[in-house]
Amino acid sequence: MTSEELIGVAKSHLIQNYKQQPVVLSRGKGVELWDVGGRRFLDMTSGIAVCALGHAHPGLTAAIAEQAGKLLHASNLYFIEAQIVLADLLAKKSFAERVFFCNSGGEANEAAFKLARRFGNTQNPEKNEIISFFNGFHGRTLFTVSVGGQEKYTKGFEPLPGNITHLPYNDLETLEAHISDKTCAVVVEPVQGEGGILPATQEFLEGARRLCDKHNALLIFDEVQTGMGRSGRLFAYMGYGVTPDVLTSAKGLGGGFPIGAMLTTKKYAEVLPFGTHGSTYGGNPLGCAVAEAVIDIVNDPAVLAGVNQRAERLRRGLDEIGKRYGILEPARGIGLLIGVPLVPAWKGRAKEIVNAGLRHGVWTLVAGPDVLRVAPSLIISEADMAEGLKRLDAAVAELAAMPKAANG
């Protein structure tokens with residue numbers, strides 16, 4: 001079928017909860033994507049920071065093929081070799097002592113928030129407040145969108161889970177004024193992703209750690225987007241030197257295969273005994289084998305150093321485009337999770353840049369209406385990065401050249 005025919009079938013049978021670009025993708029290799037008509041695109045998004053090693057990485061495809069020939073699924077009624085190996089690897093490479101496996105970032109956060117509530121209830125029946133931050137994003141379950149603090153994701157789904165307090169991000173003074181002994185957890189993204197690629201300040205994270213210790217509350221880091229090398233460290237908390245009590249991981253963890261994980265210490269894991277939480281597919285052998293391969297590749301010092309080197313070059317190139325056309329402000333972010341705010345006159349129009357980029361064969365993202373988001377493969381080549389910047393430059397030039405009435 002042609003692209004138009006396939007899109008027609010999709011509109012007939014898929015629930016229309018996504019606003020998709022009029023492109024039907026069929027295959028990918030490295031940072032390249034092809035649609036069913038053979039048109040080639042450069043992917044500077046990694047599938048929203050998921051395909052950390054690009055598309056069809058030979059190490060991951062080999063791990064999938066090998067494990068698929070051995071065991072796909074057995075259920076958590078049994079010990080599973082690949083799951084045990086991955087849990088041991090994550091524990092050795094992080095602060096964690098215990099791991100719960102699931103299938104997505106939303107599920108990982110759901111598990112973390114349930115753990116926080118049970119922890120609070122073991123201390124005091126009134127210790128159940130969860131503090132999170134405006135413009136956060138933690139998933140699409142009812143509990144996780146409620147914690148997220150963005151009305152656009154909760155409107156129409158009321159009544160919402162209660163006793164969740166939203167505060168301004170990076171505002172330590174306000175956090176100190178609101179946290180209390182009735183708080184069971186503070187949930188924070190080291191870099192707010194959907195909220196605009198806003199990194200936490202060192203002072204804010206250090207202060208959150210201190211306040212959680214003072215009030216016996218869990219500090220939960222949502223590293224679904226910042227983890228697995230995207231920050232230039234295996235996890236972003238390592239760069240800050242601030243260790244959480246609970247950490248959630250997904251996206252890059254499977255390099256494109258669905259897997260999520262909640263990491264914590266033995267002390268806090270004990271509040272989730274037999275029967276309190278579970279997952280049918282969580283920790284399945286295939287997902288665990290792929291994640292092990294991802295970590296083995298990403299956690300190489302040379303690869304992590306390369307993330308920071310690529311990030312520096314990419315941000316410099318984005319800043320040059322911004323100066324050239326007067327549409328983009330200086331880039332921000334950590335590692336290869338980069339946000340480029342639009343100048344005031346272009347606020348609300350980040351999607352137009354994404355659409356223009358598509359016309360020039362380069363994929364980018366938004367992080368809210370005012371910020372362009374770039375999150376390429378952690379091992380993108382110099383040549384592909386230069387080509388991506390060239391195509392984005394052409395897209396921005398096209399917009400800048402539009403008549404004033406057309407571009408506002």
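List of remarks:
- The value of relative contact order for the chain, using C-alpha pairs under 8 Å at least six residues apart, is 21 percent.
- Principal semi-axes of the equivalent ellipsoid, √(5λ) from the alpha carbon gyration tensor of the chain, are 34, 27, 21 Å from largest down.
- Considering all different alpha carbon pairs of the range 59-298, the Kirkwood hydrodynamic radius works out to 18.0 Å.
- Cα-only radius of gyration and Dmax that characterise the range 256-408, units Å: 20.2, 65
- The range 33-111 - Rg over Rh from alpha carbon coordinates, Kirkwood radius: 1.04
- Considering only 246, 141, 100, the residue lying farthest towards the positive end of the dipole of the range 59-298 is 100, judged by Cα position with unit charges set on Cβ.
- Estimated translational D of the range 188-320 in µm²/s (Stokes, Kirkwood radius over Cα pairs; 20 °C; 1.002 mPa s): 131 µm²/s
- Convex hull volume of the C-alpha atoms in the range 84-198, normalised per residue: 126 Å³.
- Fully extending the segment from residue 325 to residue 27, taken as 0.36 nm per residue of separation minus the present Cα-Cα distance, adds 103.9 nm.
- Cleavage-rule hits (trypsin sites (Lys or Arg not before Pro)) in the range 150-205: DSSP loop, at most 12 neighbouring Cβ within 10 angstrom: 155
- Residue 19-residue 151 FRET efficiency (beta carbon distance; Förster radius 30 Å; 0.05 resolution): 0.95
- Filter on 29/70; 152/267; 70/251 - keep pairs with C-alpha separation over 30 Å: 152/267
- Segment residue 201-residue 141, extension gain: residue separation times 0.36 nm, minus the distance between their alpha carbons: 18.8 nm
- Pairwise label distance in nanometres, residue 70 with residue 92, each label 7 Å out on the Cα-Cβ vector: 1.6 nm
- FRET efficiency for the pair residue 277 and residue 398, taken as 1/(1 + (r/R0)^6) with r the Cβ-Cβ distance and R0 = 51 Å, rounds to 0.50.
- Within the listed set 237, 78, 18, the residue fluctuating most in the Gaussian network model of the chain (springs between alpha-carbon atoms under 10 angstrom) is 18.
- You can think of it this way: the chain between residue 308 and residue 9 has 103.4 nm of extra reach, that is 0.36 nm per residue less the Cα-Cα gap.
Read-outs throughout are calculated quantities, based only on the coordinates presented, and are distinct from any laboratory measurement. Just so it is clear, the structure is predicted and the values come from calculations on it, not from any experiment. Methodologically, a virtual Cβ is constructed for each residue, glycine included, from the backbone with ideal geometry; neighbour enumeration extends over all protein chains shown.
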